[in-house]
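Asks: One structure coming up, written as C-alpha cells, with questions to follow.
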Amino acid sequence: MQTTFSIHQLADPHVAESEKILRKCVHCGFCTATCPTFALLGDELDSPRGRIYLIKDMLENDRPADARTVKHIDRCLSCLSCMTTCPSGVHYMHLVDHARAHIDKTYKRPLADRFTRALLAAVLPHPGRFRLSLVAAFFARPLAPVLKALGGPLKPLGAMLELAPSRAPVRSRISGPGSFAPQAAKRQGRVALLTGCAQPVLQPSINEATIALLNRAGVEVVLPRGEGCCGALVHHMGKEEKALADARRNVDAWMREIDGAGLDAILITASGCGTTIKDYGFMLRGDPAYADKAARVSALALDVTEYLAKIDLGAPAFRPGLTVAYHSACSMQHGQKITALPKTLLSAAGFEVRDLPEGHLCCGSAGTYNILQPDLARRLRDRKVANIEKLAPDVVAAGNIGCMTQIGGGTGLPVVHTAELLNWVYGGATPEALEESGLAARAGEWPLEAAE
C-alpha cells in the first residue's frame, strides 16, 4: 500500500511504525475470509482491509477520529485472525492498537459510552473493586433484561449484569504474594505465575490448579509482590498511558525475581494476558529505562501449556474417558500462535480431543467486547456454541477466562480450563464444573489399569 506521510509525521515513532505496517498491505482481501465481523455483517469497512483504509486515512491526514471511523474500529474484536491469514505479514494488532490510542486522544465519545468505558477501566483491572462489583451485580442482575430491552446507552450495562456470575467464588488463599515450594523430590524449575485481575475473582481454582500441578511436578511457583493487571483491558480501549504504567509495574515486579532467585519462565493462565505480556518489549521499546527489561520479560513469558509441555508431569492417575471439545482462544491461536500444544497435553492425559468447526472464529468475548458490543458478541457466541454442540462433547476446554465466561453463558456443557483438567488427571482436585455435572463420577469408571 502506498503512503504519503510527511517527514514531520514520520518523526513520531508510533506513526513511523504504523506506516511500515500499512506499506505491507497488498489489498489482497484474504483477511476478509476469516474476519468474524465481516462474516456477520458483510460490510467491507467491518473487515481488516476496510479498517486499514480508515486508519490510513485518519493517520495520514493527521486528523481527529470521526464517528464513522470509530464505529468500525470499535467493532473490531482484535481477534487477530487476519494476522494468521495474511500472506504479507501485516501486523494488524499494532496498527489497530495505535488507532485506538489516537481515537482515545482525539474523539469525544457520547456521555454514556464514556461512562461505561470509565467504569470498566476503573473496576475490572482491580480484583478488590471487581469482587465488590459482583456483589452489587448479584442484586441488580434481575434488571439485566430490562436494561437490554431499553437499548441504547443502557444495553452495555444490561450485558454487564448478564455476564456476572450468579455467585462469586470464595476468595482464594493464594490470591496474594507468596512462594509455593515443589513437592517432588526432583526440582524442575522456578517460575512466576501471573495472578491476574478478573480471573482470580471469577475462577480462582484455575491458578490453584496450576500451582498444585506444577508443585507436584517439582516446580517452585512464586507470585511476585507488586504485580497486577497486565494492562490488556485498558490497552484495547486505547488508554495507552495506563496500559504502559501497568506494564512497567509488572516488569519491575518480575525483574526483582529474575535478578533475585531467578526465573525459568513467567507463566500466564489467561491467553489474552499472555498476548499482551509477550508484547511488552514492543510496547515499551521507546522507554530507555524499561526497553531492555521489558524485552527480557517478554522473552520469559509463556502460556502455561507451553511450559507444561517442556516438563515431566509423570503418569496420569487415572483414565478420564471423556470427550473434550477444545476451544482455542483467539489470543492463543492467532495472538501467540499456540495451536497444537494444549490439545497434545490433553490427549496425553487420556482425553479424546475434538477440534471445533470454524475454530478460527472468535467466541465474542474479546476482553470487554461482549459488554461494549453485546449484539455482535451474542451472535458470535451462539455460532460458537452451535459448533461446539455439534461435536456432542462431555466438556469444553479453553485457556482464557473471558472465553470460558462467554461460552458458558450459552451452553449447559461444563467449560473447564485446560490446566484444571490436567491437574485433575495428574492427581489433583476435581474441577467444580465436573463435580456438578456428574462427569467426575463417570470418569472414575475408567481406572488407569483399564487403559493398559
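Asks: According to a simple spin-label model (label point 7 Å from Cα along Cα-to-Cβ), what is the distance in nm between I7 and R354?
Replies: 6.3 nm
Asks: Starting from the Cα of K186, draw a straight line to each of the lysines and keep only those under 29 Å, dropping any in the same chain fewer than 8 residues away.
Replies: Partners found: K310, K343.
Asks: Quick check on the chain: of the DSSP beta bridges with both residues there, what percent are antiparallel, nearest 5%?
Replies: Values: 3 of 23 bridges.
Looking only at bridges with both residues in the chain, the antiparallel portion is about 15 percent.
Asks: What whole-number distance in Å separates the alpha-carbon centres of the stretch 216-252 and the stretch 123-169?
Replies: The two parts, judged by their Cα centres, are 25 Å apart.
Asks: Related question: Taking a quarter of the surface of the convex hull around the Cα atoms of the chain, what do you get in nm²?
Replies: Taking a quarter of the hull surface, the average projection is 21.4 nm².
Asks: Whole-Å semi-axes of the stretch 90-182's equivalent ellipsoid, largest first, each the root of 5 times a Cα gyration tensor eigenvalue?
Replies: 29, 25, 11
Asks: Isolated Cys in the chain by the 4.7 Å beta carbon test?
Replies: C25, C28, C35, C76, C86, C363, C403
Asks: Which of the peptides 152-161, 325-334 is most tightly packed, and how do the rest follow, going by the mean number of other Cβ atoms within 10 Å of each residue?
Replies: Packing proxy ranking, top to bottom: 325-334, 152-161.
Asks: Subtracting the Cα-Cα distance from 0.36 nm times the residue separation, let me have the gained length for R285 to A317 in nm, one decimal.
Replies: Working: separation 32, 0.36 × 32 = 11.52 nm, distance 4.58 nm.
This chain segment gains 6.9 nm when fully extended.
Asks: Peptides 336-345, 20-29: what's the order by average Cβ count within 10 Å, highest mean first?
Replies: Output ranking for 336-345, 20-29: 336-345, 20-29.
Asks: Mind giving me the nanometre distance, one decimal, between the label points for S166 and S88, set 7 Å out from Cα along Cα→Cβ?
Replies: Taking the two extended label points, one gets 5.1 nm.
Asks: Between the stretch 316-357 and the stretch 406-445, what is the C-alpha centre distance in whole Å?
Replies: Cα centres, the stretch 316-357 to the stretch 406-445: 14 Å.
Asks: Further question: Place the peptides 235-243, 116-124, 267-275 in order of packing, highest mean first, counting for every residue the other Cβ atoms within 10 Å and averaging per peptide.
Replies: 267-275, 235-243, 116-124
Asks: Also, quick follow-up: Mind checking the full-extension length gain between A140 and A33? Use 0.36 nm per residue of separation minus the Cα-Cα distance, one decimal, nm.
Replies: Using 0.36 nm per residue and subtracting the Cα-Cα distance, I get 34.5 nm.
Asks: On each of the three principal axes of the Cα atoms of the stretch 340-415, give max minus min coordinate, whole Å, ordered largest first.
Replies: For the stretch 340-415, the Cα extents along the three principal axes come out at 39, 22, 20 Å.
Asks: If you don't mind, another one. Which of the residue pairs K20/K242; K24/K155; K56/K384; K242/K384; K337/K390 have a Cα-Cα distance greater than 30 Å in the structure shown?
Replies: Where the Cα-Cα span goes over 30 Å, the pairs concerned are K24/K155; K56/K384; K242/K384.
Asks: So if each residue of separation counts as 0.36 nm, and I subtract the Cα-Cα distance between Y107 and A429, what length gain in nm does that give?
Replies: 111.0 nm
Asks: What percent does the relative contact order of the stretch 306-394 come to when contacts are Cα pairs within less than 8 Å and at least six residues apart?
Replies: About 32 percent, as a whole number.
Asks: As an exercise, use a Förster radius of 45 Å and the Cβ-Cβ distance of L150 and S179 to find the FRET efficiency, rounded to the nearest 0.05.
Replies: Values: r = 50 Å, r/R0 = 1.11.
Rounded to the nearest 0.05, the efficiency is 0.35.
Asks: Quick one: compute a quarter of the convex hull surface over the Cα atoms of the stretch 172-290 and quote it in nm².
Replies: For the Cα atoms of the stretch 172-290, the hull's average projected area reads 7.3 nm².
Laboratory data are not the source of any read-out in this text; all were calculated from the coordinates shown. From a predicted model like this one, the values you see are computed outputs, not experimental measurements. Heads up, the Cβs are rebuilt from the backbone with ideal geometry, glycines too, and the neighbour counts pull from every protein chain shown.
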